[in-house]
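Asks: Please see the structure below; I have some questions.
Only the coordinates and a few stated rules stand behind these numbers; no lab work does. Source: prediction; values computed, not measured. All Cβ positions, even for glycine, are placed from backbone atoms using ideal geometry, and neighbour counts span all protein chains on display.
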Amino acid sequence: MRKLTPQGPIMQVQNLYVKDFSAVPYCPTSKQTPRPPAKRIPLIPSLEILAHPPTKAQPGGEPFANNTTEVIMRWTTITTAAALLGSVDAVSFPRSKAGKGYLSMHVGTVERNKNKQHDKRQDGDAIAVRLENKDFFYATDIEIGTPPQKVTVLLDTGSNELWVNPDCQEAQSALQYNQCLDFGQYDPRKSKTPPIGPFGGETLNYGDASDSSTHTSATIRYYTDLMTFGDSKLRNQTFGVLVESNGISQGILGLAPDLRAGFDGDEPYSLLLTSMAEQGLINSRVFALDLRHSDDTEGALIYGGIDRSKYIGKLETRPIIRGEGGEYRLAVELNSLGVTISGDTQHIRVSSSDSNVMLDSGTTLTRMHMSVARPILEALDAQNDGEGFYMTDCENRDLDGTVDFGFGDKIIKVAFSDFILELGPGTCYIGLVPTSDQQILGDSVLRAGYFVFDWDNEEVHLAQAADCGDEDIVAVGSGSDAVPSETGKCKSSDITATGRAATATGTGGSFPTSAYTTTYTITSCPDFERDCATGVVTTQTFSGRPTVTVTAGAGSGGGDDDNAAWQPTPLSWVFAVIGGFALGVNLL
């Protein structure tokens with residue numbers, strides 16, 4: 001889930017300031033750590049949270065008097081699975097475990113049940129919804145308050161806010177009410193800590209800014225309360241509690257830095273990772289993310305540590321870079337891209353203009369510039385479905401092949417069975433779509449890697465993910481070498497994937513050259529789509545394979561790359577030399 005720089009006029013209000021939540025009095029405790037004195041934080045251009053300073057808190061945790069807040073909206077990409085959830089069964093993960101200097105939280109995939117709405121929807125939107133959400137999202141449980149109230153939240157390295165659902169009374173429909181119950185909720189009135197709040201607030205807007213049909217929103221108010229991780233307690237943590245929402249039933253755990261304050265700037269309030277380090281639960285602001293494959297239930301989010309039993313070889317260290325717009329993100333430089341089929345590997349070097357990629361666990365699909373996406377789509381014999389997504393023969397999922405992403409000296413290999421998404425019998429799509437905006441490596445790539453994010457040193461450490469037995473967690477230290485240079489215990493044979501054994505061969509000509517029509521049944525809809533009906537059998541017409549071939553120099557000319565016609569090639573071809581020159585990239 002990506003947070004974009006807000007657009008439009010900036011609100012100018014005299015004698016107002018960003019509320020410094022460190023000024024909020026602590027909950028009564030004998031183990032509290034003093035905070036620095038409250039300070040005045042200047043307004044940040046284009047992102048202003050303007051609040052009148054509060055008077056004293058009312059008894060019983062009631063709202064502060066005279067505390068009004070004005071906020072401008074933030075946009076986030078549609079690809080957060082939370083924005084488009086269907087109903088699910090009640091979920092629960094094993095409790096967090098606290099070690100010496102680290103906290104380990106179980107990460108699992110949450111499947112969606114089917115919505116039961118009774119309107120119509122456009123065919124293309126049905127495909128888009130199923131691709132953007134697939135059948136699951138990555139989540140973990142957090143516990144807030146006294147006694148602990150358990151809430152399931154989506155893991156998102158593309159945003160920084162932590163927010164949860166309250167008592168579900170604000171749900172706008174029976175469907176959203178049931179979803180809220182399924183994922184758990186936090187009711188400040190039931191906490192005996194006691195909590196502090198509400199103070200301040202914000203409206204979070206999710207969706208693709210260019211597509212109004214995807215827009216959803218959540219309005220939150222801030223609270224401070226106790227959070228529990230196994231036997232460890234994080235005191236006085238600030239987070240959002242939902243006031244009302246449009247199309248969102250799932251809370252979100254943001255793991256990214258503040259978009260403008262960055263890693264070392266003045267955060268509007270102490271984010272979760274910062275609070276953990278400040279209160280001594282972890283040695284430095286580091287977390288490791290192991291998403292795993294969609295059918296694996298043993299992923300983990302480790303604050304302050306790494307698990308040597310979950311990756312292969314040495315961790316490659318890469319610097320965190322700013323996003324394409326200069327904002328703070330968990331982004332790195334992608335150096336090479338390629339495909340391996342039956343041991344035959346062909347890679348291309350990614351040009352500097354296409355190398356900036358954000359690592360976003362809240363995004364299902366991977367989004368790349370067309371100049372980078374095209375060779376992968378060609379190698380996988382993909383066909384544009386007319387809606388901006390790319391189909392391929394489902395037999396390609398079973399091939400012994402990988403899509404390879406190079407970061408420095410480390411290559412993360414994503415199995416075809418994970419990179420090609422099966423939406424139904426005979427209907428498969430590539431987990432990659434073109435974009436002209438910020439490039440994103442979503443779940444279709446991240447599940448193949450082991451990623452360690454170091455906020456203090458602004459570095460990402462990465463390796464090929466694997467599983468070679470019981471956890472072997474090592475706490476990170478502090479300073480410039482906080483993340484230890486530990487070699488993973490796994491071997492290549494420990495890599496697992498969702499696909500079956502490689503028994504099929506590439507067909508090359510699996511798509512017809514003339515227009516054709518396919519029939520499918522709509523099986524799920526997002527909450528925000530009012531014009532949606534499940535169980536409807538519908539048809540969609542595709543234009544067929546283009547006959548225009550890519551020639552030298554064509555890739556660097558004018559025109560709309562996203563809509564340009566091009567000739568898919570058989571899997572046996574895979575990155576011919578002429579393709580490298582046509583795309584304006586340098587062959588390795």
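Asks: Take the Cβ-Cβ distance between residue 324 and residue 192 as r, set R0 to 41 Å, and report the resulting FRET efficiency rounded to the nearest 0.05. Don't skip to the end; give the middle numbers.
Replies: On the way: r = 47 Å, r/R0 = 1.14.
About 0.30, to the nearest 0.05.
Asks: Would you mind computing the Rg to Rh ratio of region 279-322 from its alpha-carbon coordinates, Kirkwood style for Rh? It would help to have the intermediate numbers written out before the result.
Replies: Working: Rg = 12.7 Å, Rh = 12.6 Å.
With Rh from the inverse mean 1/r over Cα pairs, Rg/Rh is 1.01.
Asks: Here's a follow-up. Radius of gyration and Dmax for region 317-474's Cα atoms, expressed in Å?
Replies: That works out to 15.6, 49 Å for Rg and Dmax.
Asks: Further question: Based on Cβ point charges of +1 for Lys and Arg and -1 for Asp and Glu, what charge dipole magnitude is obtained for region 235-351 about its Cα centre, in debye rounded to the nearest 20?
Replies: On the way: 11 positive and 16 negative charges, 58 e Å.
So the dipole magnitude of region 235-351 works out to roughly 280 debye.
Asks: Please report the Cα spread of region 327-399 along all three principal axes, rounded to whole Å, starting with the longest.
Replies: 40, 30, 21
Asks: Suppose each label sits 7 Å from its Cα in the direction of the beta carbon; what would the residue 427-residue 486 distance come out to in nanometres?
Replies: 4.4 nm
Asks: I'd like the FRET efficiency for residue 173 and residue 436, computed as 1/(1 + (r/R0)^6) with the beta carbon distance as r and R0 of 35 Å, rounded to 0.05. Could you put the intermediate results ahead of the total?
Replies: Values: r = 35 Å, r/R0 = 1.01.
According to the calculation, E is roughly 0.50.
Asks: Next question. Using 1/(1 + (r/R0)^6) with R0 = 35 angstrom and r between the beta carbons of residue 231 and residue 344, what's the FRET efficiency to the nearest 0.05? If you can, show how the numbers build up before the last one.
Replies: Working: r = 51 Å, r/R0 = 1.46.
For residue 231 and residue 344, the calculated efficiency is 0.10.
Asks: In Å and whole numbers, how far do the C-alpha atoms of region 267-345 stretch along each principal axis, longest first?
Replies: So the three principal-axis extents are 50, 35, 25 Å.
Asks: Only bridges with both residues in region 359-463 count here: give the DSSP antiparallel percent, nearest 5. Present the calculation step by step, with values, prior to reporting the outcome.
Replies: On the way: 20 of 24 bridges.
About 85 percent, rounded to the nearest 5.
Asks: Ordered by packing density, taken as the mean number of other Cβ atoms within 10 Å over each peptide's residues, highest first, how do 152-158, 279-285 rank? Each step should come with its number before you reach the end.
Replies: Details: 152-158: 24.7, 279-285: 19.6.
The densest-packed peptide leads the list: 152-158, 279-285.
Asks: Counting other beta carbons within 10 Å of each Cβ, put 333, 378 in order, fewest first. Mind dumping the intermediate values first?
Replies: Values: 333 15, 378 23.
So the residues, fewest neighbours to most, are 333, 378.
Asks: Do the alpha carbons of any pairs in 100/410; 314/413; 97/150; 233/489; 150/192; 233/491 sit beyond 26 Å of each other, and which pairs? Numbers along the way, then the final one.
Replies: Values: 100/410 30 Å; 314/413 15 Å; 97/150 15 Å; 233/489 31 Å; 150/192 15 Å; 233/491 36 Å.
Correct reply: 100/410; 233/489; 233/491.
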